[in-house]
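The structure appears below as structure tokens.
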Amino acid sequence: MRQLLLIDWILITALGWLAIGVVGIAFPRKFFLISRALFPLGAFLGLLLALLALAAIASAPQRVILPIGLPDLPFHLRLDALSAFFLLLLGATAAGISIYAAGYLRPSEGTEPGLQCLLYHALLTSMALVMLADDGYAFMVAWETMALCAYFLVASEHRYAEIRRAAYLYLLISHIGAVGILLAFGVMAGSSGDYTFDAMRDFPTSGYWPTVAFLLALFGFGTKAGLLPLHVWLPEAHPVAPSPVSAMMSGIILKTAIYGMLRVAFDLLHVQLGWWGILLLILGLASALFGVIFAAVQTDMKRLLAYSSIENIGLVFVGIGLALVFKSFQLPNLAALALTAALYHCLNHAFFKSLLFLCTGSVLHATGERNLGKLGGLIHRMPWVAWLALIGALASAGLPPLNGFVSEWLLLQGFLFTAGLPHGYLNMLLPVVAGAVALIAALAGFAMVKFFGVVFLGQPREEKLAQAHDASRLERYGLLWLAAGCVLLGLLPNVIIALLDPVTRQLVGGGLRYAATSHGWWLLAPISEDRASYSPAAFLASIALFMAFVYWMVRRYYHGRAQRVAAWDCGYPLQTSRMQDTAEGFGQPIRRVFSPFFKRTREHPSPFDAQPRYRSVVEDPLWYWLYLPLARLVEYGTRLIAFLQQGRIAIYLLYSFVTLLTLLVLTRG
Amino acid sequence: MNFYAFLAQLLELVVALVLAPLLTGWINQCRAWLQNRSAPPLLQTYYTLSKLFHKDVLLAHNASSLFRAAPYIIFSCMALSCAIVPTLSTDLIFAPAADAIALVGLFALARVFIALAGMDVGTSFGSLGSRREMFIGFLAEPALLMVFFTASLISRSTSLSTIVETLAHREFVIYPSLAFAGVAFTMVSLAENARVPIDNPTTHLELTMIHEAMILEYSGRHLALIEWAASLKLFAYSCLGIALFFPFGIPEAADPLSLLLAGATLILKLAIGGIVLALIETLSAKMRIFRAPEFLGTAFLLAVLAMLVHLLLEAGQ
């Protein structure tokens, strides 16, 4: 028996999750065991996995072969810097989500807890295996297990038809995407028939086959990531799942797609073409813009967050695209800068989006409402959730000194270097693209103010909100962990960049470690100090010090009397909660400015209508332009084929006979 | 860590805190003259602040702790922004901690908090103001960032100190791109500081207000802090305009003599800037809120044009 390596420990931890799930299904009636022992244990394993992955990032790649599966096809697993980074993301985020889920689970809701426990932990295990897989076969098995577990978890409340529909849409598009990935592996394995990643790395670099493989992988992973125009399932499926699962889907599952894309584009394919990067850049920007505009007009809080996930994934793809462009021009350090921004944003998004989804879970349990039009004023009833959600919202809006800002800052820095590209027009077009990134960041601020303001501020829009209760203790621990992550990732960028250095070295052959760590832990200067620098710690410290000073001065020199009175509101005597902006009202400027993006149906009754109904529905036009025509085409095609099915045995025998004859003729020649 | 850099930083902050209300008062005075009204005293803003600080705070029943904390946060953000912009010297102790992008982020942070505070009490005007503020914000922010990017591409740095050093000292070249950027920056500053033609700082006509609508529920010391923060924001934008487009006279060193000289130049430039702003406000009419995208879209395109002009004409030099 050889000594246990890091990869073995990681594997044991991941399988530990599966064991937890099996124990859960073995005792489905013991709710207390499941929620108070198994889920917290799962959170502990997540933490352990994160620590192991942390140790693994800087160490040399390790391999292990698991003799499971078909006789000649064992699972090849490999742990390198890239998989270690994503395992870190998985473990750290899952720790927060699991501890929250322990407090969130209710025996009366949806799938029974025992089964949910199995599916949830099997999902975690399969994600870890996706990141460890070193051959196409193991990857696809883990990938499909992940998709199926997520499907069953989304369909947890399967009594509702629209939830079944959303889950089915997810499963369908996920499988179409899986076909793309499978074909990409097939192309890269070539005629050798060897599906290990090692064999794929020897894939010839000339000709058009690398491009075919890249495009197939982009299609496959793009469906999972929710890249335009393959995003339609995401805003349907993410909101209907139980909140911890929504958090997991947005926070982690989307990142597995990013992992897959990076693995194929930078590791398996040896050649990187510049126009791939441009393609990713365009797709990423389109997704980000589309996502954030739709987020700003949503009226359901979880759909708003789901669209915001499309935006963030878009930004990650912009970073990857930029890295590909720099790589194709042989600028490894700049490629490392762009890639660091993308990976950093993955980590940030995992934390702040999970946090926000979990906060909506608490709101949902406290009020039973997902509709923004029926919430409001919850900061008084749910201070814990509100203040932690504020951290998440600020991080998501990309505001300093929290984590979302750091990755956007790095991305913008990357764009500023594109002016130096030795290319005729890219060096002029790409810097201008930075303006679009700035627009996306600013719109994200709009969407987040809407989200936080409508849910937590103002007057309660419904009577029953007065009975809302704050998150339970275990839920708070989960939220606190994720919020602390948002703050720390924002304050300690150099630690994270030093951590990412082995990953970027592996993928693009450059790193930021030297530049980042040479000025001390507090100052981030990715390229050089006179080029650009940013110090979130000094930033936060000076704001906090200044606030304390101003508060002290004001309270010292002026009296602190404050009276509670009725709101002033320009002296209007009548004020009801219905007079605040609704979610629709808050999104109105966006609907107006970006009207070509939307498909709107409105009902404007006449002034003489005795029972007027005002309605404005904003829909995704791609659904009508792309998906419904496609669905009709498929239906039409299947109807043509259905002509073959006559229901008479003689005809089927004829088919067999004709087929046999044709084959004989073909093989004879 | 040298002493003079620390001194310059401290001085800059104090000068900003002291001079900001004066700048607002000066602009109000110029505007009154131009509009044939009798002008309020130059120090009127200070009197108002002092009055507000002494008054009791009236809080709406529904106001949360976020509403009470927001004025302090906004004021600190604006004071910090004044400390980041190099006005008296480019040798500042805080300069490496925040660059132009972080400055945009700082303005955005303050904007988000004031918008949230506007929504907190849950009145119709408050949320109307917040919605409009965020609307103007997402239109103005990209344009502002593009202006900064143009300056950053010229000086190969996003650090404001380096930008000013390059533009003011290293070489004397006329940059045509900066002319476009300057116009774009002026338009953005008008919008961001709630001035005519986007908003009217003196309005209390309900349907047209943006900034005033958000802060309707504030009173006493909270209102004083917010008003002071608004002056600081205007001061920071004015100083930014000076630093980017008229940086001549901002010294690299931070010895007492050059600080004194820089202070005198700054006051002169601000006085002229105030007159220009009053002139713009007098000569233009407030536009409907949905004309704002055209106005700020123009600003964005001008900033993009500035960048392209730089890349096409100046980058080879």
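The values are calculated or read from the model by the stated rules, or taken from the named source; none is laboratory data. Computed from a prediction, not measured in an experiment: that's the story for all the values here. Virtual Cβ from ideal backbone geometry, glycine too; neighbours counted across all protein chains shown. These area figures cover heavy atoms from the full protein model, side chains too; ligands, DNA and RNA do not enter into them. Shrake-Rupley method; radii C 1.70, N 1.55, O 1.52, S 1.80 Å.
Between the range A:143-186 and the range B:142-164, what's the alpha-carbon centroid distance in Å?
Between the Cα centres of the range A:143-186 and the range B:142-164 lies a distance of 46 Å.
Give me the percent of accessible area attributable to carbon and sulfur for the protein assembly as shown, probe 1.4 angstrom.
Carbon and sulfur: 67 percent of the exposed surface of the protein assembly as shown.
In what sequence, largest accessible area first, do B:Glu12, A:Glu603 appear using a 1.4 Å probe?
Ranked list, largest accessible area first: A:Glu603, B:Glu12.
Post the alpha-carbon centroid distance, the range A:463-529 to the range A:35-56, in whole angstrom.
Spelled out, the Cα-based centre of one part sits 19 Å from the other.
Give me the 1.4 Å probe accessible area per residue for the range A:47-124, excluding ligands and nucleic acids, in Å².
Dividing the accessible area of the range A:47-124 by its residue count gives 34 Å².
Sort all Cα-Cα distances of the range B:2-94 into consecutive 10 angstrom bins from zero, then give the percent of pairs in each bin up to the one containing the longest distance.
14, 29, 31, 22, 4, 0
So if I place +1 on the C-beta of Lys and Arg and -1 on the C-beta of Asp and Glu, and nothing else carries charge, what would the dipole magnitude of chain A be about its Cα centre? I want it in debye, nearest 20.
Dipole of chain A, to the nearest 20 debye: 1220 debye.
Based on the alpha-carbon set only, what is the convex hull volume of chain A divided per residue, in Å³?
227
Evaluate Rg over Rh across the range A:401-463, taking Cα atoms for both radii and Kirkwood's formula for Rh.
1.26
Rank by packing, highest mean first: peptides B:215-225, A:41-51, with packing defined as the count of other Cβ atoms within 10 Å averaged across residues.
B:215-225, A:41-51
Could you give log10 I(q)/I(0) at q = 0.10, 0.19, 0.20 Å⁻¹ for the range A:441-558, computed by the Debye formula over C-alpha point scatterers of equal weight, without solvent?
Debye output, listed in q order: -0.58, -1.15, -1.17.
Which value does Rg/Rh take for the range A:157-235 over its C-alpha atoms, Rh per Kirkwood?
Rg/Rh for the range A:157-235 comes to 1.15.
How big is the range A:349-439 by Rg and Dmax over its Cα atoms, in Å?
According to the Cα coordinates of the range A:349-439, Rg and Dmax are 18.8, 59 Å.
Give me the percent relative contact order of chain B, please, defined on Cα pairs under 8 angstrom at least 6 residues apart.
31
Can you list residues whose amide H is under 5 Å from B:Leu59's amide H, if they're 5+ apart or on another chain and H is modeled 1.01 Å from N?
Counting only residues 5 or more places away or on other chains, the set is A:Gln563, A:Arg564, A:Val565.
Which order do peptides A:256-266, A:589-599 fall in by mean Cβ count within 10 Å, highest first?
A:256-266, A:589-599
log₁₀ I(q)/I(0) of the range B:1-159 at q = 0.10 Å⁻¹, via Debye over equal Cα point scatterers, no solvent, to two decimals?
-0.52
If you put +1 on each Lys and Arg Cβ and -1 on each Asp and Glu Cβ, how big is the dipole of chain B around its Cα centre, in Debye rounded to 20?
640
Given N residues in the range A:361-414, what is its alpha carbon radius of gyration divided by 2.2 N^0.38 Å?
1.47
Based on the Cα coordinates of the range B:59-130, what is the per residue volume of their convex hull in Å³?
Enclosed volume per residue, from the Cα hull, is 91 Å³.
Which far-off residues, 5 or more places away or on another chain, put their amide H under 5 Å from the one on A:Ile527, with H placed in the peptide plane?
A:Ala532
Hydropathy at least 1.6 by Kyte-Doolittle, axial extent at least 24 angstrom from the Cα trace: which helices of chain A, defined as entire DSSP H runs, fit?
A:6-26, A:39-57, A:81-104, A:274-297, A:426-456, A:649-668
Calculate, axis by axis, the spread of Cα positions in the range B:83-122 along the three principal axes, and write the results as whole Å, longest axis first.
Here the Cα extents, ordered largest to smallest, are 45, 17, 12 Å.
Which three lengths, in whole Å and largest first, does the range B:1-40 cover when its Cα atoms are put on their principal axes?
If we take the Cα atoms of the range B:1-40, the spans are 51, 12, 7 Å.
Using a Förster radius of 41 Å, what is the FRET efficiency between A:His469 and B:Lys51 based on their Cβ-Cβ separation? Nearest 0.05, please.
0.45
Apply the membrane-span-like helix rule to chain B: whole DSSP H runs, Cα extent along the own long axis of at least 27 Å, mean Kyte-Doolittle hydropathy at least -1.0. List the helices found.
Helices meeting the span and hydropathy rule in chain B are B:3-34, B:65-84, B:100-120, B:124-155, B:220-245, B:256-283.
Quick one: the Cα spread of the range A:489-576 along its three principal axes, in angstroms, biggest first?
Principal-axis extents of the Cα atoms in the range A:489-576, largest first: 67, 37, 21 Å.
For chains A and B, what's the summed buried accessible area, probe 1.4 Å, to the nearest 100 square angstrom?
Summing both sides, the interface buries roughly 7000 Å².
Which cross-chain or sequence-distant (5 or more) residues have an amide H under 5 Å from the amide H of A:Asp135, H modelled 1.01 Å from N in plane?
Hits under the 5 Å cutoff: A:His76, A:Phe197.
For the range A:541-619, what does the convex hull of the Cα positions come to per residue, in cubic angstrom?
Roughly 213 Å³ of hull volume per residue.
Which whole-number percent gives the relative contact order of chain A, counting Cα pairs below 8 Å spaced six or more residues apart?
12
Among A:Leu41, A:Leu77, A:Pro67, which residue has its Cα furthest toward the positive end of the charge dipole of the range A:8-86, with +1 on Lys/Arg Cβ and -1 on Asp/Glu Cβ?
A:Leu41
Quick one: if you stick a label point 7 Å off each Cα along the C-beta vector at A:Leu661 and A:Ser192, how many nm between them?
If labels sit at A:Leu661 and A:Ser192, their model points lie 4.5 nm apart.
What is the range A:529-665 by shape, rounded, prolate or oblate, if you read a ≥ b ≥ c off the alpha carbon gyration tensor as root eigenvalues and call it rounded for a/c under 1.5, prolate for a/b larger than b/c, and oblate otherwise?
Oblate, since a/c reaches 1.5 and b/c is not below a/b.
Over the range A:359-505, what lengths in whole Å, largest first, do the semi-axes of the equivalent ellipsoid take, defined as the square roots of 5 times the eigenvalues of the alpha-carbon gyration tensor?
Ellipsoid semi-axes (Å, largest first): 38, 19, 9.
What value does the range B:173-254 have for Rg/Rh, both radii from Cα atoms and Rh as Kirkwood defines it?
1.10
What is the mean projected area of the alpha carbon convex hull for the range A:598-669, to one decimal in square nanometres?
10.0
Put +1 on the Cβ of each Lys and Arg and -1 on the Cβ of each Asp and Glu in chain B; which of B:Leu88, B:Val147, B:Val18 then has its Cα farthest toward the positive end of the dipole?
B:Val18
Taking the solvent-accessible surface of protein heavy atoms with a 1.4 Å probe, what is the per residue accessible area of the range A:425-472 in Å²?
Accessible area per residue: 29 Å².
Please compute the modelled spin-label separation between A:Phe32 and A:Ser606, points set 7 Å along Cα→Cβ, answer in nm with one decimal.
6.7
What is the mean projected area of the alpha carbon convex hull for the range A:1-139, to one decimal in square nanometres?
8.9
Give me log10 I(q)/I(0) at q = 0.10, 0.12 Å⁻¹ for chain B, Debye formula, one equal scatterer per alpha-carbon, no solvent.
Each listed q maps to, in turn, -0.56, -0.81.
Please give the charge dipole size of the range B:1-136, origin at the Cα centre, charges +1 on K and R Cβ atoms and -1 on D and E Cβ atoms. Round to the nearest 20 debye.
Value, rounded to 20: 520 debye.
Return one whole number: the accessible area per residue of the range A:164-312 in Å², for a 1.4 Å probe.
Using a 1.4 Å probe on heavy atoms only, each residue of the range A:164-312 averages 26 Å².
Percent of alpha carbon pairs in the range A:271-327 separated by more than 20 Å?
31
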